[in-house]
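Single-structure report; data block below.
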Amino acid sequence: MAGATTTQAPGLSTFVKSLRTTPVDPSVEHLISLLKRRQIRNSRPCAIATTALLLRVVGEFKGRDAAKLIERIKQVGRRLTSAQPREVVVGNIVRRVLGLVREVVDEHAEGQTPTGSEPGHATPHAHHDSLHRPALNSSMSTFSPLRHAVVEPAHSSVYLDNASDVSETSRRPLLLTSHTSYAPTSSAPLVNSLFGLFSQPADTPSSTGTPTGQTSPTGNSTLTALNLERLADLHRGQTLDLKGEVMEGIRELQDELETSDKQIAEVALEHIHANEIILTHTASTTVQKFLLFAARKRKFTVVHAETYPHDHTATHGILLTGKKREANLDDDEDDDKWKPLIDAGIQVYVIPDSHVFAIMSRVNKVILATHTVLANGGLVAAAGAHMIAKAAKEHQTPVVVLSGVYKLSPVYPFDIDELIEHGDAGGVVPYDDGEFVDKVDVVNPLYDYVPADLVDLYITNLGGHAPSYLYRIVADHYRSEDITL
Amino acid sequence: MSDDIVAEVAPATEPTVTTSPTQDSPATANGDTADASKKISPAELKKQKQAEKQAKRAQAKSSTSTPSQQQGPFKDGSKQQKDSKQTPKDDKSRPLPLRRRPSQTNAPAMKEQPEKKPKKEPKQAGLFFGHLYSQPKQQSLVGASKDVHPAVLALGLQYSSYAICGSTARMVAMLLVFKTVIEAYQTPPGNSLARHLTSHHLGPQIEFLKSCRPLSISMGNAIRWLKDIIIKIDPSTPENEAKRDLVEEIDIFIRERVTAADRLIRDLAATKIQPGDVVLTYAASSIVEETFLHAHKSGIPFTVIVVDSKPLFEGKQLARKLANDGLTVRYYLITGASHAVKDATKVFFGAHAMMSNGRLYSRVGTALVSMLANAHSLPVIVLCQSVKFTEKVALDSIVGNEVAPAEELLSEAERRDLLPLKSRLATAKNDDKSTLEDIPADTTDVLKWIEDAKNLHYLQVLYDVTPAEYINMVITEYGSLPPSSVPVVHRLSTNI
């Protein structure tokens with residue numbers, strides 16, 4: 001296993017650094033251990049780490065078989081998600097990459113009619129343009145081992161696990177053959193895409209269960225690698241530079257992660273008017289950048305709930321210095337530095353979380369940061385978000401949620417409790433108060449689930465959306481066959 | 001050591017009052033030096049020297065002044081209290097017999113605010129709470145009128161440091177102190193007791209208490225009642241007899257309106273707890289605590305969820321007491337309230353006051369918890385003695401409220417967590433900060449950063465107003481009633 005030998009505490013930056021020198025498999029182990037130890041936490045670091053790792057995985061992948069590549073990515077993805085199932089964003093990124101691979105494959109499968117040459121990743125697929133609601137995952141437990149303890153699901157045991165799960169009987173066909181189940185929901189587009197046609201032979205109960213859209217191209221071509229590359233360059237359509245295109249797609253994904261905050265911030269002026277009073281919480285960089293962008297042109301007031309006990313230090317830190325403390329420790333020469341809001345002339349009022357209701361009657365808008373956005377329009381955010389959103393609803397104050405698309409996950413929350421992580425009770429009552437900790441059951445939930453009806457608007461890097469529309473964006477970004485990793 | 005000194009205070013505050021002007025001047029001098037020595041920051045060397053000089057002068061002064069003053073130990077005590085930042089307040093013995101143990105402040109931060117307060121004022125006028133910042137909170141004996149009885153001085157400091165906290169406890173403590181005040185009172189020749197005592201003698205005491213912390217609704221009610229009975233005293237009654245009557249009346253008031261009322265409410269409320277219930281409460285209330293203990297003693301199996309919030313952490317004391325008595329207690333902070341409410345079956349709140357429009361005025365955060373409970377269709381039950389009912393009305397938590405010093409918001413531990421930010425701040429600030437590099441970072445620096453940050457404000461109020469529609473029932477000594485009946489009961493209880 002690749003241990004971080006530097007003096008720095010292990011975290012995102014040490015992982016990314018070590019990735020350059022460490023081979024893939026130890027890197028996977030490394031990330032798994034970092035996730036398990038919560039040394040990489042929160043959506044953005046997890047997303048960055050996962051993309052960086054998958055880039056390596058794809059880069060080091062030997063062979064040209066797309067099915068094998070998908071299987072390889074899936075296998076890594078399964079291990080990562082089972083390491084820390086509540087960091088849903090890890091699974092999101094894995095699915096996005098899988099979608100990339102499939103897209104590249106599809107494009108070449110229908111290469112005779114080259115509609116668009118660039119392997120766009122964040123664009124709607126022809127598949128999903130049906131009016132049907134895509135067959136999405138019903139529960140987290142299908143891909144997370146939460147209900148089955150933290151066991152990394154071996155590829156074959158996934159089926160057993162799920163088959164034993166009573167609540168998922170209705171979905172069982174989907175599990176057995178991941179693409180045929182797709183056909184009933186939208187059969188017409190499937191035929192158009194030829195995707196379904198190719199997959200039909202795979203219906204035989206082969207244990208791989210992965211789409212073998214590549215069967216015919218690979219079967220036909222017994223060309224040498226050299227020829228393959230040349231042919232791909234020439235856009236012959238018969239074969240392709242799978243790896244290169246996927247890696248390019250992943251790099252675009254990395255760009256998206258980097259720029260999503262900026263893209264979200266750029267619409268700030270459309271949402272914040274002069275002299276507004278805005279309530280927010282946590283030390284979210286997305287929210288801070290959003291507000292900062294608006295602060296260039298407008299004067300407004302920010303009321304900041306400090307999110308005690310799990311995020312208050314970072315909150316105070318970001319307000320004082322414009323930087324989270326963890327980021328500060330990670331690397332100092334980071335060019336991603338920005339002024340705190342107060343230096344931009346914005347009045348910031350820090351309040352304890354208990355004051356939210358008292359203040360809410362005077363607040364114009366609530367802006368929430370989020371941990372994960374779910375396909376039904378609900379979200380998982382730092383604890384306290386639910387009561388803030390609820391109080392806002394009671395006062396008819398609009399609630400705006402800022403989230404990068406990468407946080408959007410294809411999970412429908414039927415069992416909310418399994419999405420909620422509970423933290424160290426020592427954060428609530430210090431352990432030196434031993435008598436208290438001993439006798440009283442101290443609970444420290446880290447996240448809240450906020451139902452969709454408490455949210456008025458989502459702003460992602462693609463623009464603003466109603467919560468009810470999110471399933472569509474989910475469908476645009478994830479292939480339904482990848483929803484179960 | 002502060003313990004010893006405070007213990008000494010108790011006898012000192014009790015009997016004789018010789019309000020001599022000499023008491024004031026040394027107290028002032030000492031208060032000043034304490035102030036100055038607190039403010040020393042290495043950046044202000046000049047000020048430090050000045051302060052040192054002042055301290056020497058003051059020392060000389062105090063050594064010359066008679067050490068046998070009655071106020072001596074007391075003023076030292078107050079200074080001591082300020083200096084000892086780290087000593088927890090728990091062991092502080094109370095000079096006054098209290099019906100209820102004061103909910104002690106766990107956050108050591110409380111001890112620090114006194115010095116900073118006056119400087120803070122100009123910046124902190126913000127948001128829509130500006131109107132509440134009119135009067136700086138009195139945190140020391142400096143500037144107290146010489147008419148103020150020492151027992152009242154002690155009480156005032158206990159108010160401002162939250163040693164006595166909670167509207168019932170504050171009211172009872174005040175009445176008990178007024179008993180001593182009345183006992184020590186002598187009508188000056190040419191005045192009648194009824195006239196002089198209310199306006200000239202009790203007036204300054206109340207003013208001082210008000211300057212320490214705004215009066216609670218219950219205190220206001222009690223004061224109105226007390227003035228009323230003083231005025232009604234027959235001028236022909238001999239002074240001693242009148243004083244004795246008054247003291248007796250106060251005792252009766254406490255017994256009837258608090259002790260007996262508590263028992264009635266407790267018995268009634270305990271019947272609302274069914275076996276297997278999970279009762280949620282927020283912060284701490286003496287009457288809720290009594291109810292839980294009573295129900296527990298009568299053998300009803302139930303569990304309690306205590307939701308709490310910073311900075312006072314009153315619920316922690318409650319949870320501790322309940323757990324010590326064998327109840328099953330779960331403890332959440334307010335950020336986890338949405339989770340806590342899910343498991344609860346009933347919600348009990350104490351009250352600071354019940355407004356005449358049926359709204360509950362209580363510890364900030366109560367409204368949030370009751371909102372969540374209401375959303376989960378849980379019955380929300382308020383336990384409140386009728387002495388806390390008021391004819392005042394409130395629509396929101398902003399017009400009428402009590403602000404607390406912003407410094408109290410950050411506890412010692414939180415400030416320590418923020419210290420690593422220093423390097424980042426130092427680059428942003430001028431070079432006068434760089435002189436700080438050699439000195440080990442102090443947690444008070446954090447407050448300084450916040451104060452230096454021009455647009456950053458920390459805001460803290462103590463109460464909020466819960467809409468009547470979130471409240472299902474109010475239990476008083478007159479029985480259980482809907483919140484809409486509060487004005488009726490208020491009239492009933494004041495017309496007797």
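Past the 23 Å Cα-Cα mark, which pairs from B:Lys346/B:Lys392; A:Lys36/A:Lys407; B:Lys179/B:Lys227?
Result: B:Lys346/B:Lys392 exceed 23 Å.
Convert each backbone phi in the stretch A:472-485 into a coupling constant with the Karplus relation 6.51 cos²θ - 1.76 cosθ + 1.60 (shift: θ = phi - 60°), then list the ³J(HN,Hα) values in order as whole Hz, x for Gly and Pro.
Using θ = phi - 60°, the values come out as 5, 5, 4, 5, 5, 9, 10, 7, 5, 6, 9, 5, 8, 6 Hz.
Hey, can you grab everything whose amide H is under 5 Å from the amide H of A:Ala382? Only 5+ residues off in sequence or another chain; H modelled, so Pro and N-termini drop out.
Residues meeting the criterion, in which the H sits 1.01 Å from N, are A:His371, A:Asp448.
Which ordering of B:Trp449, B:Trp225 is given by a fewest-first count of other beta-carbon atoms within 10 Å? Don't skip to the answer; put the middle values down first.
Working: B:Trp449 21, B:Trp225 17.
The most exposed by this proxy come first: B:Trp225, B:Trp449.
Just tell me how shielded B:307-316 is by partners: mean number of partner chain Cβ atoms within 10 Å of each residue's Cβ, no decimals.
Taking the mean over all residues of the peptide, I get 3.
By DSSP, what percent of the beta bridges with both residues in the stretch A:373-485 are antiparallel, rounded to the nearest 5?
Around 65 percent of the beta bridges assigned by DSSP in the stretch A:373-485 are antiparallel ones.
Quick one: compute the contact order of the stretch A:271-482, relative version, from alpha carbon pairs under 8 angstrom and 6+ residues apart, as a percent.
21
For peptide B:375-382, compute the average count of partner chain beta-carbon atoms within 10 Å of each residue's beta-carbon.
Per-residue shielding by partner chains comes out at 1.
For B:Glu391 paired with A:Ser468, estimate the spin-label separation in nm (one decimal), with each label point 7 Å from Cα along the Cα-to-Cβ line.
According to this spin-label approximation, the distance is 5.1 nm.
Give me the distance in nm between label points sitting 7 Å out from Cα along the Cα-to-Cβ direction at B:Ser484 and B:Asn191, one decimal.
4.9
Counting partner chain Cβ atoms within 10 Å of every residue's Cβ in B:404-417, what's the average?
2
Which cross-chain or sequence-distant (5 or more) residues have an amide H under 5 Å from the amide H of A:Tyr349, H modelled 1.01 Å from N in plane?
When sequence neighbours closer than 5 places are left aside, the close amide H contacts are A:Val302, A:Val303, A:His304, B:His457.
Using r as the Cβ-Cβ distance of B:Ala184 and B:Asn495, and R0 as 41 Å, what FRET efficiency do you calculate, to the nearest 0.05?
Plugging the Cβ-Cβ distance into 1/(1 + (r/R0)^6) gives 0.80.
Going by Cα centres, the stretch A:23-38 and the stretch B:285-316 are how many Å apart?
Measuring centre to centre over Cα atoms gives 45 Å.
Which FRET efficiency value, to the nearest 0.05, is calculated for B:Lys321 and B:Asp147 with the Förster distance at 41 angstrom and r the Cβ-Cβ distance?
Working from the Cβ atoms, E equals 0.60.
Using the Karplus equation 6.51 cos²θ - 1.76 cosθ + 1.60 (θ = phi - 60°), what ³J(HN,Hα) coupling, rounded to whole Hz, does each residue of the stretch B:157-171 give in order, writing x for Gly and Pro?
Calculated HN-Hα couplings, in order: 5, 5, 5, 6, 9, 6, 5, 10, 9, x, 5, 5, 4, 5, 5 Hz.
Once amide H atoms are placed 1.01 Å from N in the peptide plane, what residues at a sequence separation of 5 or more from A:Leu408, or on another chain, have their amide H within under 5 Å of its amide H?
Those lying under 5 Å, H to H, from A:Leu408 are A:Val373.
Classify the stretch A:340-485 as rounded, prolate or oblate from the Cα gyration tensor: take a ≥ b ≥ c as the square roots of its eigenvalues, call it rounded if a/c is under 1.5, otherwise prolate when a/b beats b/c and oblate if not.
Oblate, because a/c is 1.5 or more while a/b does not exceed b/c.
Relative contact order (percent) for the stretch B:132-240, with alpha-carbon contacts under 8 angstrom and 6 or more residues of separation?
Details: 86 pairs, mean separation 43.1, N = 109.
Over the stretch B:132-240, the number comes to 40 percent.
Using the Karplus curve 6.51 cos²θ - 1.76 cosθ + 1.60 with θ = phi - 60°, work out ³J(HN,Hα) for each residue of the stretch A:269-286 in order, rounded to whole Hz, and write x for Gly and Pro.
The phi angles translate into 5, 6, 10, 10, 9, 5, 6, 6, 10, 10, 9, 9, 8, 6, 9, 6, 6, 4 Hz.
Just so you know, all these numbers are worked out from the coordinates, no wet-lab data involved. What you are looking at is a predicted structure, and each value in this text was computed from that prediction instead of being measured. Note that each Cβ is placed from the backbone with ideal geometry, even for glycine, and that neighbours are counted across all protein chains shown.
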